[in-house]
Amino acid sequence: MSSVEASHECEEITSGMTKSGASYGSRIDQLLDLELPLSVVLGRALLPIHEVLRLTTGSIIELDTKVGDAVEVMVHGKVVARGQVVSVDGNYGVRITHVTSTQDRMKLPGAFKAA
């Protein structure tokens, strides 16, 4: 399906009515308000069990990323964007530098698939 066809199909859905008389648009608006768990991954490491068992307060785990490398922004275990760590009023934040393609984001587990 081309993006034009998908856009047209989306317009038909949002302008249509359900069998109960409620508009599809109001149903989509409700979906747009759903909150999704978002995670930011600074890096990864593989540790043998014996090293995991030795972890104590103050232990340092070396990650596979370097300071300044882009971090991954994930939704349901799928990378949706990459960015740089920033400080926002004393909290960590992420400045998005790259967003994954729409096709890749639609491959999220359980995402809607057009017939």
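Please verify whether Val40 is assigned to a strand (DSSP E or B), modelled with pLDDT of 90 or more and exposed (fewer than 11 other Cβ atoms within 10 Å of the Cβ), treating the condition exactly as stated. It would help to see each step written out before you state the result.
Working: assigned to a strand (DSSP E or B): yes; modelled with pLDDT of 90 or more: yes; exposed (fewer than 11 other Cβ atoms within 10 Å of the Cβ): no.
No.
What's the number of the condition His76 fails, among (1) at positive phi; (2) modelled with pLDDT of 95 or more?
Only one criterion is unmet by His76, namely (2).
Examine region 93-109 for a residue that is hydroxyl-bearing (Ser, Thr, Tyr) and modelled with pLDDT of 95 or more, and state whether such a residue exists.
Yes, because at least one residue in region 93-109 is hydroxyl-bearing (Ser, Thr, Tyr) and modelled with pLDDT of 95 or more.
Just give me the residues in region 56-79 being in a loop (DSSP other than H, G, I, E, B) and under 27 Å from Ser101 (Cα atoms), in sequence order.
Leu63, Asp64, Thr65, Lys66, Val67, Gly68, Asp69, Ala70, His76, Gly77
I'm trying to understand the selection: among the residues of region 57-78, which are β-branched (Val, Ile, Thr) and surrounded by 10 or more Cβ atoms within 10 Å (Cβ to Cβ)?
Ile61, Thr65, Val71, Val73, Val75, listed by residue number.
Can you tell me which residue among Val75, Val85, Val67 is assigned by TED's automatic domain parsing to the domain that holds Leu46 and in contact (Cβ under 8 Å) with a residue 40 or more places away in the chain?
Val85
The values are calculated or read from the model by the stated rules, or taken from the named source; none is laboratory data. None of the values given here were measured: they were computed from a predicted structure. No Cβ is skipped: glycine too gets one built from the backbone with ideal geometry, and neighbour counts run over all protein chains shown.
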